[in-house]
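Visitor: Sharing a structure here in structure tokens format.
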Amino acid sequence: MKSLTCMRTELRQGTLEIEGMTIECGVEVSLEPHTEYIVNLEFEVRQDTAPTAMRLRTFSAEFVLFDNETENSIRLTDGVSNSSSFRLRTGQENGTLLVFNEYLHSYKKDVEPTYEYMTGDSGIVITKRDGDTIHFACNNRSPREQLAFEDVTGVLTVTKVGSAENHFIAPAGDGSPIQQYCFIDSGDEVPEEKELVDIATSLSGTISPRSEAVTTLIDRLEGLNYTIISSADNAVTIEVDISDEDTTQFAMVDEARLWNLNLVKVKTRTLLNQSTNRPES
């Protein structure tokens, strides 16, 4: 059977329905504007799987830490932080919390493994919903069986605890709803962040992309309100209105993750997604 990642690519969708199971890329929770939440996450990892972590990532929302510093991405590592609780606040817009598993993997001998996600047979199924609580189970890249979903099991609870009327989330350098995003297919290479940002900010011309992932992305955008600003063999920069619910920044990140593409927000020179970009093995 093909890997779950191959199925997602061929079907051009992130959610799979197999043998009565709904397999997602992550657990997604919608958040109301100007609201404070408490997020609790507990998880266990099967002994014989790869070293694992859980990633919590927010869009139009912020984790508020003990020192009042804010973060929009947190990694909880197995054996170090299997049970954690955070305050989460939204600002003036609806927000999203995304939770997914990461795992260490190396594609070459003598190369230090790095965390990756959504490769091979990885995926998440929601096993139970009970009010604010979501029970989930995950495959890492190479599970014991493709549909076992036993590598990671956990419980996520997102509880609304009050108002955050005065909480404001500043735009990242440019609050305009018209934004440009550059999607880059780096093949089996893993460029540094600076190199990816340099590629995105210098991309010009309109060469027809030959990268399958990039052309698939463009096909998926058909019917949406977007403009291709520039393109190359392995990259494309598009301009979208992020106030449109179909082309939000979260939607751009989701597409980049789905097709394993690097994603740079051009105006702010911000790397929003870094692909694992390694061949299946």
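Visitor: From the helices alone, meaning DSSP H stretches of at least four residues, give me the mean residue ellipticity at 222 nm for the chain, per-run term -39500 (n - 2.57), in deg cm²/dmol to the nearest 500.
Guide: That comes out to -4000 deg cm²/dmol.
Visitor: Excluding T35 itself, what net charge comes from residues whose Cβ is under 15 Å from its Cβ, given Lys and Arg +1 and Asp and Glu -1?
Guide: With Lys, Arg at +1 and Asp, Glu at -1, the net is -3.
Visitor: Taking the Cβ of T52 as the centre, find all other residues whose Cβ is under 13 Å away and add up their charges (Lys, Arg: +1; Asp, Glu: -1).
Guide: -3
Visitor: Identify, among G154, A137, Y107, the residue whose Cα sits farthest towards the positive end of the charge dipole of segment 4-163, taking +1 on the Cβ of Lys and Arg and -1 on the Cβ of Asp and Glu, with the dipole about the Cα centre.
Guide: Ranked along the dipole, the leading option is Y107.
Visitor: Over segment 117-248, what is the relative contact order in whole percent, taking alpha-carbon pairs under 8 Å and six or more residues apart?
Guide: So the answer I get is 18 percent.
Visitor: Give me the net charge of M7's neighbourhood, meaning all other residues with Cβ under 11 Å from the Cβ of M7; Lys, Arg count +1, Asp, Glu -1.
Guide: Every neighbour counted, the sum reads 0.
Read-outs: derived from the displayed coordinates by stated rules, not from any lab. Not measured: the values here are computed from a predicted model. Neighbour counts are summed over all protein chains in view; Cβ atoms, including those assigned to glycine, are modelled from backbone coordinates with ideal geometry.
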